[in-house]
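Below is one structure; the comments refer to it alone.
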Amino acid sequence: MTQFTSDRLLLFGATGDLSRRMLLPSLCALDAEGLLGSHIEIIGTARSDMDDLGFRNFAREALEQFLPANRRGGIAQFLNRLSYQSLDANDMDGFHALAEKVGTPENGLSIFLSTAPSLFEATIHGLEKSGLAGPNVRIGLEKPLGIDLASSKVINDAVHHAFPEDRIYRIDHYLGKETVQNLLALRFANLMFEPLWNAAHIDHVQITVSETVGLESRVGYYDDSGALRDMVQNHMLQLLALVAMEPPVSYDATNVRDEKVKVLRSLRKVDVAETVTGQYRAGAIGGQAVPGYDDELGKESDTETFVAIKAHIDNWRWQGVPFYLRTGKRMPKRTTEIVVQFKDVPHSIFTGRGARTVPNRLVIGLQPEENITLSLMAKVPGLDRNGYGLRSVPLAITTPDAFAGPQRRIAYERLLLDLIEGDQTLFVRRDEVEAQWEWIDAIRAGWEEQQQTPKTYTSGSWGPSAAIALAERNGVTWHE
Ligand code: BG6
């Protein structure tokens, strides 16, 4: 791993939506806490014609809109760090001007690239030719990085031409979320879960990422992508890998990613009958009427906005344990959670007394609330004259209660800081991405072969009824 803390940060796509909503607010918040280093300079670049002042004004508006009021203290100081250079990625002269603007960083340069896929190769080429890809430069790559294995290889090859893997930081913003990292603490900093974390004791796992938003303003991108590529290929498979991986030797980039990739390579090719796709129609969410996907898009489309999959991991630990994955837009509520459903006790001593045991369940809520709940069986207090009572009671940790001090951060704060400081642990390695695409491509190929088109579902519902049936066929109910 290359060890240097960058004193320049170059943001491609600096006037885009991600920059406004996430990157600039994250950087400003880090700066206010003194975490960016006193000399750091941030250079924004994009196609828009703007000067430094124009970019600072743009950034101020974004910060006032997207930073919570209690984190706006450092705006003035932060704006002073910003400068801007407009760039047409197809114009080589532009890159030379950009290199001049960036200057010669004393310690190193970090680049954050979130750019249209069509400009990707030209951008990497421009960086290389203008001297912005030297040994003291690392590059963060935001998705989409391809639409399948073949196109992702083309992109990765292009990047590798200019940067070695240990200077490439592929972003999956879910890995920047505190509770996602907490999954590792839960599994590997406690003794009690690991001995039970296998097929002998776990019945199944559910991973749900539901959103209330629809297409938003991403018409061009989303309709070519769909839920499988947009959410499952990256975020959900990363969650699955963290839940299922073997204990890494240590918490570092090589060991953690070595274990994740083994899981991703163990994913069984999915049978189309074990998938359900859907597309939302008009409905209501939280009492608000919302239009259907085809209305928002302005045309008919076969793109899925919902997908449910029964996945299997073919290794010793997980043989016979289904992983139910589901994600969708325009669901009744925004939630990301992982449910680990344990098996029932092998023999209940209470049956003769008329009491029933309910298998333990661990629910890890990632958002909007961060909490961990373990359901345990307990005796109902009393003298039991009318029969012995057992009830499932929750043992719950709510992060804001357990940790009163630390504030909730934007996932990109963590990732940008790790990029600047050079820690790859929470970034996705090429072999992981390729294993993810391989599995996803096979699902898409199955859909095409069997001409599976999405079923419709009403906005505000939990997707097509077939998704409920997918789980219920095995006696499983989705946790809601
Ligand atoms: C993005 C997807 O990667 O993740 C979006 O492209 C989705 O479609 C978003 O809305 C969800 O992120 P979060 O952090 O809001 O759960």
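Here are a few things to note about the model shown:
- Enumeration of residues in region 423-480 that are in a strand (DSSP E or B) and within 25 Å of the chain's Cα centre (by Cα): Val428, Tyr457
- Top-ranked residue in region 227-241 [being touching a strand residue (DSSP E or B) at 6+ places or on another chain (Cβ under 8 Å) and more than 19 Å from Val256 (Cα to Cα); ranked as nearest to the ligand (Cβ to nearest atom)]: Met231
- Filtering Ser225, Ser250 for residues that are open to solvent by less than 20 Å² (accessible area, probe 1.4 Å) and either at positive phi or not hydrophobic (A, V, I, L, M, F, W, C) (or both) leaves a single hit, Ser225.
- Flag: Ala311 matches the condition of being away from the ligand (no atom under 16 Å from the Cβ), in contact with a strand residue (DSSP E or B) (Cβ under 8 Å, 6 or more places away or on another chain), open to solvent by less than 10 Å² (accessible area, probe 1.4 Å) and small (Gly, Ala, Ser).
- Yes/no for Gly286 being modelled with pLDDT of 95 or more, farther than 26 Å from Ser151 by Cα and away from the ligand (no atom under 16 Å from the Cβ): no
Table: residues versus (1) buried (at least 18 other Cβ atoms within 10 Å of the Cβ); (2) closer than 30 Å to Asp294 by Cα; (3) acidic (Asp, Glu).
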{"position": "Pro164", "(1), (2), (3)": "no, no, no"}
{"position": "Arg170", "(1), (2), (3)": "yes, no, no"}
{"position": "Phe188", "(1), (2), (3)": "no, no, no"}
{"position": "Leu191", "(1), (2), (3)": "no, no, no"}
{"position": "Leu196", "(1), (2), (3)": "no, no, no"}
{"position": "Ile202", "(1), (2), (3)": "yes, no, no"}
{"position": "Thr208", "(1), (2), (3)": "yes, yes, no"}
{"position": "His235", "(1), (2), (3)": "yes, yes, no"}
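- The sole residue among Glu246, Glu296 that is under 30 Å from Lys333 (Cβ atoms) and of a type in the set (D, E, K, R) is Glu296.
- Residue in region 321-341 that is more than 24 Å from the chain's Cα centre (by Cα) and either assigned to a loop (DSSP other than H, G, I, E, B) or acidic (Asp, Glu) (or both) present: no
- For region 14-47, the tally of residues that are closer than 11 Å to Tyr84 by Cα and either part of a helix (DSSP H, G or I) or open to solvent by less than 50 Å² (accessible area, probe 1.4 Å) (or both) stands at 7.
- Scanning region 442-469 for residues that are touching a helix residue (DSSP H, G or I) at 6+ places or on another chain (Cβ under 9 Å) and either on the phi > 0 side of the Ramachandran plot or not polar (S, T, N, Q) (or both) gives Ile443, Arg444, Gly446, Trp447, Glu449, Pro454, Lys455, Tyr457, Trp462.
The values are calculated or read from the model by the stated rules, or taken from the named source; none is laboratory data. All figures in this text were calculated on a predicted structure; none of them were measured in a lab. So basically every Cβ, Gly included, is an ideal-geometry build from the backbone, and we count neighbours across all protein chains shown. SASA here: full protein model, heavy atoms, side chains in, ligands and nucleic acids out. Shrake-Rupley method; radii C 1.70, N 1.55, O 1.52, S 1.80 Å.
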